[in-house]
Each structure stands twice: as C-alpha cells, then as structure tokens.
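Heads up, the thing below is written out as structure tokens.
Just so it is clear, none of the values below were taken in a lab; they were calculated from the coordinates. Predicted model only: the values in this text are computed from it and were never measured. Neighbour counts run over all protein chains shown; Cβ positions are idealised from the backbone, glycine included.
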Amino acid sequence: MTQYLEQIYNAVLEGNAADARAGVKAALAAGIPAEALLKDGLIAAMAEVGRLFEENEYFVPEMLVAARAMQSGLVLLKPHLAAGGVVSAGKAVVGTVKGDLHDIGKNLVAMMLEGAGFEVIDLGTDVTPDKFVRAVIEHKPQLIGMSALLTTTMPSMSSTIKALQEAGVRDHVKVMIGGAPVTDGFAKQIGADGYSPDASSAVRLAKALAAG
Amino acid sequence: MTTNLAEEWSPRARFTAIMAHQEADRVPLDLAGTALTSADPQVVAGLRQLLGLPASQKSGFDEPLMAALDVDFRHIGDLIGTASRLVPGRTDRQVDIWGVERAWTGQYWDIVHSPLRGATLDDLASYPWPDPTATIDQARLEQFRCEARRLWEETDYVVVAEHPVFGVFELACWMCGFDDILARLVSDRPFVHALSKKLLTLQKAYIKPYYQAVGPYIHLTTSGDDFGMQTGTFMSPRAFRELIKPYFAERIAYTREFTSAYYWHHTCGSVHTLIPDLIDIGVNILNPIQPGAHKMEPERLKADYGDRLVFHGGFDTQGVLPFGTPAQIEAEVQRVMAAMKPGGGYIFSAAHNIQSDVPCENVLTMLRAARRLGAYGPAA
C-alpha cells in the first residue's frame, strides 16, 4: 500500500495532476480502500502543502497546482468514497461578501478545505446576506466562511451574521471570516466564531469549529 | 496650513535632500501627488468643506486644495493608451485596450472577464493586441508636455509623471486571471515568458513617446505592479527573479533612456524578500509600505534597507485611518515618523488611495500631524 500512497502524496505535493490521477487509478485497481487513499494520500499531502505555505516555502502558485492535482485525484475517488459510506469532515459554505468580487483568497480556502476532507459549497463572489442564509437553510453546513478584501465591504460580514440571527439559524452554524483587512478583533466585534489569516490556518480553524 | 518652522525649504530642496538620504526642514508630504496616493471624491469633497474651499467641478484636487494641504508634489500625465469603452448597451460594463472586461460594483471597476484565461502560445500569437501607434492621443501627450514644463519652470513643486502603461505582472493577471497566471508560474513557464516578452514590447511602445514628451521636465516617475499579499509575496522569490524581474528591469532601463527622473514603484502587500531585487533593477522609491503586511513594519524596513531605498507611504489605511480616533491617528503618525524620518529617505503619505469609508476629519488630522511631527532639528 505504501508505494501507492507515496505516489499519490508526491504527485499532489509536486502539483502533478496527471500523476495524481494515475496514482489513484493504480491504487484503486490494486484494491486499496478509497478512504485510505483520501486520508493518507490526498489529505495528508494537502496538510503538508499547508505547512509548507505557512513556513514560506510554498507560495500561492505551488498551492494552486497542488490543490488542482488533489482535486483531479478526488474526482476519481468520489464515487468509491460514496459507495464505501465514507463521510466528509464536515460541510462548509464559502463566499466573498456583497459588493466584493475578489475571490482568489476564498478559492484557496475552498481548495484547502476540500483537501482536508470537507464538502465545500462555493457561493462565489458578491454574496448577499440573504444568499448566505438560504444556503444555510438548504445545505445545512457546519460552517460558513466569509471573505472580504476591502474595508468598505467588511460590514457585509456583520450584516450576514445579523441576517442569520433574524432567520433563526445563527446557532445552527459556525461562522469564520478572513481577508486582507480582517482581524481577530473584528471577528469578535461582529460575533463571528473565528478568524484566520490564510488558507492553511483556515483548515485548522474549520476543523476545530466543526468538532465543537 | 501656516508654517511655524524657522526656515521653510522649497518642496524641491526638501525632496532633493531626502533623496540623498539627508535631513531637510521636514519630511515631504504627499496626497494626490500620484494616482496611487489619492482619495475617493467623497473624502475630497469633505476635505474642501473642512478647509472652507468651494466645491469643485472636477476631481476636487485642484491647486487651492493641494496648497492648503501643503502637498509637495504635483502630478501630470496618465496612461496613454485609448480609454476603456463601454460594452454596447451597458453603462456598468467596460472593456479596456487589452480586452479585459470590468463591471462597476459601486466603488471600483472590478474584473469580470479575462480574455487570455486558458490561452495557448498560439492564442498569444493570434490575439488582437492593442496598437500603440494607432491609439496614442498626440494632442493629449502635448498637453502633458506643456503642463510638465509649466510646473518645472514656473513652480517649486516636485513634478511627478504618472506611468503611461500598466505593469507586466498585473497585465498578465488581469488578462489571464489571477489563478490562471499564478499556477502557470510553476506549471507553464514558457507561456509566462512569451506573454511577458509581448507585454514588454508593447510597454516600450507607450513609454518612448511619453517620456520623449515629458522626460526633461519631471523629478520622478512611477509604475505600479503588485507582487505581495497581506502575508507574503504572491510567488516565490525564485519565480519572481526568473519570470518577472527581467522584464521589469528592462522597463526601468528603457524609461531611463528618456529621462533622468527618479523611479518610484508601487507594490501593495508584503514584499520584504523582494526589496533587494527591486533596488538591484533601479527602483529608487518604494510605495506604499503597507504597515500591516508581513515584515513591512516601518521600523524593520528602515533598519534593513533605509540606507539604499527611499520609502513613500507607511500610514496604515486598513485600520487606523478609517477607524481611529484623533489621538490614535496622532500616535500612529508619531510612530511612523520616528521610524522613517531619521536620516532622510522618507516621504509621508497614506499607504494607498484613501477610500470612501475614511472620515475626512481623520485625513486632515493625519496630514496636520505629519506636517508637525515631520519637522527635523530644533523646530521639531
């Protein structure tokens, strides 16, 4: 089993989507359980990518190609995971808030969450508070992740939390926020459950919030 | 604002001294001396009201306002390709000369379509690139030349020429999409080189006539290209050195064939690791010094690079300026000045354009404090 896992792990780390797909195919053909490939291959590799990013050894380009390699392997794995009754680490709805079209930070968080075993519903950009509320009602996620790049769009995070309260679903979901001007102090001020400064630490926060 | 300084230097004398890493009478002040140190029209209208100036028809940064704020810089020029055109039938969508489409989102024109997303080398070859010879407005160039000459010969201000064309990396990001080009920095380097070579050729075609016109009459010129995020650079220093630095270096060198002006470069975010490279290729002044970004604290930058680089900016626009009290603003000005002003080499400004959520009173408090706390010597 080890050689198959190593091939998948290294392919993701190097951002080689073709090798990641080939590795998953070969491992499945050899009868390796899908859950092991997910946990010890794809997720383990993305955890290492996150660590390397936080250590300033990997940068956004390396993270992007690794995430794409992971995603291309995950596509092949998904039917086998479902068939095997493997459950996700949790469900997260993510989006960039109303009035803000910046998405690369949010996309990196979505990729890293998926790489950690979460099911991610990405609402895109310019997401109104009402759209977040409807997504919570429809998808019943454990988490919402909101992103903003501008000080002028940050207030929409507070509006969204108020909208969740008014809809009676605030206590159904944990809210985490991020983005260049966002701070831990702002998160506490608006009643969010947490803040993370980058995509890698967002995964740790998400796991902690989903478990709590 | 009146001065209480014993001897008031001219803006040019002040600038010359700090560029030579010497102390002047006070630190030079900038607001709207460049296109990237400006302010939202609402903020400007508020400033005019606070200062008792009549409302202005134009952008609001006219000579009476600049003089009232004691700004040492005056800028001329602009991007000189054809202006963006509206998408037919829409007032909220426009396309620029590079084919990038933007939507008005209430505060900015934000990109909604990148025409080279997923492009191949063949696509680059067949792409409808802008034609500089056909799209430069000569009458407008002559206006820029006349205004630069007027400021040069008839005033004491530091004359700034705006960049005539965008930066090589930002153009690649806008035309391909950020995620597309960033991934290609590791997975498709030949494409990045081919695109950058093409963009540099076009940049030069805008640079030459522009600086032939304004070059003799300017003290500094600008470019903008963001290499950093809040937490670090977008790309590894190795990728920057291979894929962006050579093209940026050639742009600067080419500009210098037409003007002896100082070179000012704007990059948002955390770029501490790239500063030696920027110095190496001829950047004299670095802007905006976003103090909340990783390793971009004024104290660290001055200690690490203060003898080799002039800094422009440094006052936090992500926290203190929009949300601070007057006392907090004054304290932050004191902190930035204490870190940056010793030995010259510093120009004070907000660390980027001032957005509409900033109270105009905060802007005035910041500038008044900077004027007072930027003084050198016994008048300080």
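Mind checking the alpha-carbon convex hull of segment A:140-212 and giving the volume per residue in Å³?
Hull volume over Cα atoms, normalised by residue count, gives 78 Å³.
With θ set to phi - 60° and the Karplus curve 6.51 cos²θ - 1.76 cosθ + 1.60, what are the ³J(HN,Hα) couplings of segment B:141-154 in order, to the nearest whole Hz, using x for Gly and Pro?
Result, ordered by residue: 4, 5, 4, 4, 4, 5, 5, 4, 5, 4, 5, 5, 8, 10 Hz.
How large is ³J(HN,Hα), in whole Hz, for each residue of segment B:312-318 in order, when computed from phi with the Karplus curve 6.51 cos²θ - 1.76 cosθ + 1.60 and θ = phi - 60°, using x for Gly and Pro?
9, x, x, 8, 4, 9, 8
Within 10 Å of each Cβ in A:61-70, how many Cβ atoms from other chains are there, averaged over the peptide?
That average works out to 5.
Suppose a student asked you for the relative contact order of segment A:90-211, using Cα pairs under 8 Å spaced at least 6 residues apart; what percent would you report?
Relative contact order, segment A:90-211: 29 percent.
Over segment B:63-124, one equal point on each Cα, no solvent: what is log10 I(q)/I(0) by the Debye formula at q = 0.13, 0.17, 0.30 Å⁻¹?
-0.59, -0.77, -1.20
Treat chain A as a sphere of radius equal to its Kirkwood radius over Cα pairs and apply Stokes-Einstein at 20 °C in a medium of 1.002 mPa s; give the translational diffusion coefficient in µm²/s, rounded to a whole number.
Once the numbers are plugged in, D ends up at 123 µm²/s.
Per DSSP H run of at least 4 residues, take -39500 (n - 2.57); add these up for chain B, divide by its residues and hand me the 222 nm value, nearest 500 deg cm²/dmol.
Calculated mean residue ellipticity at 222 nm is -12500 deg cm²/dmol.
Give me the tail of P(r) for the protein assembly as shown as a percent: Cα-Cα pairs with distance above 30 Å.
57
For chain A, what is the mean residue ellipticity at 222 nm derived from helices alone (per DSSP H run of n ≥ 4: -39500 (n - 2.57); sum divided by total residues; nearest 500 deg cm²/dmol)?
Per the formula, -17500 deg cm²/dmol.
Helix B:189-214 sits at what angle to the longest principal axis of chain B, using alpha carbons and giving 0 to 90 degrees rounded to 10?
Computed tilt is about 50 degrees.
Can you list, bin by bin at 5 Å, the percent of alpha carbon pairs in segment B:268-380, starting at 0?
2, 12, 24, 24, 18, 12, 6, 2, 0
Ratio of Rg to Rh for chain B, alpha carbon only, Kirkwood?
0.96
Any idea what the alpha-carbon Rg over 2.2 N^0.38 Å comes to for segment B:21-178?
Its radius of gyration relative to the 2.2 N^0.38 Å reference: 1.28.
At a threshold of 8 angstrom on Cα-Cα distance, excluding pairs fewer than six apart, so keeping six or more, what relative contact order does chain B reach in percent?
Answer for chain B is 21 percent.
Give a residue-ordered list of calculated ³J(HN,Hα) values for segment A:171-183 (Karplus: 6.51 cos²θ - 1.76 cosθ + 1.60, θ = phi - 60°; whole Hz; x for Gly, Pro).
Karplus-based 3J(HN,Hα) across segment A:171-183 equals 7, 8, 8, 9, 10, 10, 10, x, x, 3, x, 7, 10 Hz.
Please give the length that would be gained between B:ALA253 and B:LEU53 if that part of the chain were fully extended, namely 0.36 nm times their separation in residues minus their C-alpha to C-alpha distance (nm, one decimal).
Extra length from B:ALA253 to B:LEU53 when fully extended: 67.8 nm.
Express as a percent, rounded to the nearest 5, the fraction of DSSP beta bridges in the protein assembly as shown (both residues included) that run antiparallel.
Restricted to the protein assembly as shown, the bridges split so that about 20 percent are antiparallel.
Whole Å is fine, so just give me how far the alpha carbon centre of segment B:271-302 lies from that of segment B:106-170.
25
Against the 2.2 N^0.38 Å scaling, with N counting residues, where does segment A:2-83 land? I'd like the Cα-based Rg ratio to two decimal places.
Here the Cα radius of gyration is 1.02 times the empirical estimate.
Could you state the orientation-averaged shadow area of the convex hull built on the Cα atoms of segment A:90-211, in nm² to one decimal?
Its average projected convex-hull area is 6.0 nm².
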